[in-house]
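Report on one structure; see the data block that follows.
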Amino acid sequence: MVVHMNNDEQLRVLHVASEVLPLCKTGGLADVVAALPAALVAAGHDARIVIPGYRTALAAAAAMDVDWHHHPVTIEVGGVDHQVGIGVVQLGAVTCYLLACDELFDRDGIYGPTPDSDYEDNARRFAVFAKAALALPRCVGWVPQVIHAHDWQAGFVPVIRERGFGRDLPATRTVFTIHNIAYQGQFAADHMRLFGLDGWLYNPMHLEHHGGINALKAGVVFADQVTTVSRRYAEEIQTADYGWGLEEVLRHHAYKLRGITNGIDVGVWDPATDPHLPAHFTATRMAGKKRCRQALAEEMGLVPTDDSVCMVGIVSRLVSQKGLNLVIEAVSPYILDGRMQLVVLGAGDPACEYALRTLQGRHHGWVCFWHGYNEGLAHRIEAGCDLFLMPSLYEPCGLNQMYSLRYGTLPLVRHTGGLADTVIDVTDRQRGNGFTFGPFDVGHFSSVLDRALGLYRHYPREWQAARRRAMAADLSWTRVAEEYIGLYRSMVYA
Ligand code: ADP
Ligand code: GLC
């Protein structure tokens, strides 16, 4: 349902980001950049998206009918002119612009030739993207009141707008959202010229950071408002343990920093209708979940077991952030005792992949590691498991624990970031919807896993009560979008 409102109340917001579902995705950023504008449009506002026209994104858009009726725009960066084509595609009710520039974006990878490497010219690629995103309103004849930039790839948007390139957007306000402070976009100092930025900005109060320029810092310093994707993470990133060297910058700008905990797309992630599942279920009709569990075991080649064995799942980028090393070190005794089976879907760090393959080899029929990216399987793991593991060292928000809650799969998480905002330990008998632990070590992880498996096997009524509470949580973007709308209004009507 779309709410209709008059022009005075309707906000015009342009989201500038480097990923959006279903065009291109490496992580949760793509889910959020799709879902937040959709929720804004559903609330009656005019929210649009602009992303780089990567080869994969253009291919996905071509299959959906992309329109190239706008003239290409010439973007000058460091003395070189780039012709940038503007494609338009509808993502449901949301208009999405793709900025195509073959010499920069027509490549196999998005950020680098392999998932864990960077292209050498990333500064140029995202400088062109930032400038073209700011030229877009003039080209398409639509002027946003708010430009909402996401993560380091869009980090230079606020400063470039303020320092001249966005001259034709004088009243436009900027929001910058940090999805993960560990990825900052740090470039050599001489890139100031590429971005067309005045030399005097090269100082620690503005763009300089450890002898280079830092895109994430630029976003924080120059945006009118800064948000991050959970309340808890907004506090954490102001500390040395979680700030990745930017904690002081964030403390300095804390007056304009707030945490808004993400929602999830409850239409896409709905166990009652999910087309990826072999059977459907709701909180009051759970038989379908049992069928999902059996089908998952078959699909993963696990030996059939009865319900006393807990089916445990993981869907994750395999990077050190996600704490997979704790799982790999801790699970064997529980598997050998016949208390759990484990399915893991993910790709990333080769050492982690190797360790997961070894674990699978050691526990044939009890552990399955599916290497790669598989959207459908991610849904079937959420649906078919009893318990979901997310022992992250840090987690700005995390989406999978929320998908788990909605699918009645109790999340076991470390008490950090968005995991702390969304998962309450079952020791709280009124509100508990999962399991949490604090210190990041194998001992604490093992002890909470032991507790979870014990509750699963011996206290089914308590388990079911926690599952009901999990499935009842309001995780929708509708509520979260209201917070962003309040923020945008406070800036536009200040
Ligand atoms: P992050 O963005 O740090 O990776 P999130 O929990 O916010 O963490 O989001 C991860 C998203 O990526 C979720 O939508 C998850 O389902 C998805 N995902 C991660 N790895 C895979 C994979 N191998 N196959 C399918 N989906 C995946
Ligand atoms: C980042 C974070 C993740 C968050 C996602 C969406 O990828 O690592 O925790 O959920 O962005 O905001």
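The values are calculated or read from the model by the stated rules, or taken from the named source; none is laboratory data. Everything quoted here is computed from the prediction, not taken from an experiment. For neighbour counting, all protein chains shown are included, and Cβ atoms are generated from backbone atoms with ideal geometry for every residue, glycine included. Heavy atoms of the whole protein, side chains included, go into the accessibility calculation; ligands, DNA and RNA do not. Shrake-Rupley method; radii C 1.70, N 1.55, O 1.52, S 1.80 Å.
Brief remarks on what is shown
- Test result for Val73, in contact (Cβ under 8 Å) with a residue 60 or more places away in the chain and either in contact with a His (Cβ under 7 Å, 6 or more places away or on another chain) or within 16 Å of ligand 1 (Cβ to nearest atom) (or both): no
- For the stretch 467-489, filtering for residues that are touching a helix residue (DSSP H, G or I) at 6+ places or on another chain (Cβ under 8 Å) and open to solvent by 50 Å² or more (accessible area, probe 1.4 Å) leaves 1.
- Tallying residues that are among the small types (Gly, Ala, Ser), within 14 Å of ligand 2 (Cβ to nearest atom) and open to solvent by 20 Å² or more (accessible area, probe 1.4 Å) within the stretch 22-38 yields 2.
- Of residues in the stretch 148-160 being touching a residue at least 60 places away in the same chain (Cβ under 8 Å) and under 21 Å from Pro72 (Cα atoms), the one surrounded by the fewest Cβ atoms within 10 Å (Cβ to Cβ): Ala154
- Scan of the stretch 151-204 for residues that are within 16 Å of ligand 1 (Cβ to nearest atom) and either part of a strand (DSSP E or B) or among the aromatic types (Phe, Trp, Tyr) (or both), ordered by number: Trp152, Thr177, Ile178, Tyr183
- Test: residue in the stretch 401-408 that is crowded, with 24+ Cβ neighbours inside 10 Å, of a type in the set (S, T, N, Q), within 13 Å of ligand 1 (Cβ to nearest atom) and without any contact (Cβ under 8 Å) to a residue 40 or more places away in the chain: yes
- Qualifying residue in the stretch 383-390 (condition: more than 29 Å from Pro275 (Cα to Cα), part of a strand (DSSP E or B) and more than 16 Å from ligand 2 (Cβ to nearest atom)): no
- Single residue of Arg107, Arg138, Arg173, Arg125 found to be under 28 Å from Ile260 (Cα atoms) and basic (Lys, Arg): Arg173
- Looking across the stretch 314-343, the residues that are at negative phi and within 19 Å of the chain's Cα centre (by Cα) come down to Ile314, Val315, Ser316, Arg317, Leu318, Val319, Ser320, Gln321, Lys322, Leu324.
- Odd one out for Val492 among (1) more than 16 Å from ligand 2 (Cβ to nearest atom); (2) in contact (Cβ under 8 Å) with a residue 24 or more places away in the chain; (3) touching a helix residue (DSSP H, G or I) at 6+ places or on another chain (Cβ under 9 Å): (3)
- Residue in the stretch 276-283 that is closer than 28 Å to Leu36 by Cα, open to solvent by 10 Å² or more (accessible area, probe 1.4 Å) and under 25 Å from the mean Cα position of the chain (by Cα) present: yes
- Asp450 closer than 22 Å to Met311 by Cα, of a type in the set (Asp, Glu) and either assigned by TED's automatic domain parsing to the domain that holds Cys292 or in contact with a Pro (Cβ under 8 Å, 6 or more places away or on another chain) (or both): yes
- Against the numbered list (1) within 26 Å of Asn180 (Cβ to Cβ); (2) not in a helix (DSSP H, G or I), Gly432 comes up short only at (1).
- Taking the stretch 231-267 as the range and being within 16 Å of ligand 2 (Cβ to nearest atom), touching a Lys or Arg at 6+ places or on another chain (Cβ under 9 Å) and assigned to a helix (DSSP H, G or I) as the test, the residues that pass are Arg231, Ala234.
- Among (1) away from ligand 2 (no atom under 16 Å from the Cβ); (2) open to solvent by less than 10 Å² (accessible area, probe 1.4 Å), the one test that Thr305 misses: (2)
One line per residue, one yes/no per condition, for (1) within 19 Å of Ala330 (Cα to Cα); (2) in contact (Cβ under 8 Å) with a residue 40 or more places away in the chain; (3) not in a helix (DSSP H, G or I):
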{"position": "Gly398", "(1), (2), (3)": "no, yes, yes"}
{"position": "Thr427", "(1), (2), (3)": "no, no, yes"}
{"position": "Ser446", "(1), (2), (3)": "yes, yes, no"}
{"position": "Leu449", "(1), (2), (3)": "yes, yes, no"}
{"position": "Trp463", "(1), (2), (3)": "no, yes, no"}
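- Residues in the stretch 455-474 that are within 13 Å of Tyr407 (Cα to Cα), at pLDDT 95 or above and hydrophobic (A, V, I, L, M, F, W, C): Ala466, Ala470, Met471, Ala472.
- Of all residues in the stretch 328-374, those being out of contact with any helix residue (DSSP H, G or I) (no Cβ under 8 Å at 6 or more places or on another chain) and more than 16 Å from ligand 2 (Cβ to nearest atom) number 17.
- Qualifying residue in the stretch 468-478 (condition: touching a residue at least 12 places away in the same chain (Cβ under 8 Å), aromatic (Phe, Trp, Tyr), within 16 Å of ligand 1 (Cβ to nearest atom) and outside any loop (DSSP other than H, G, I, E, B)): yes
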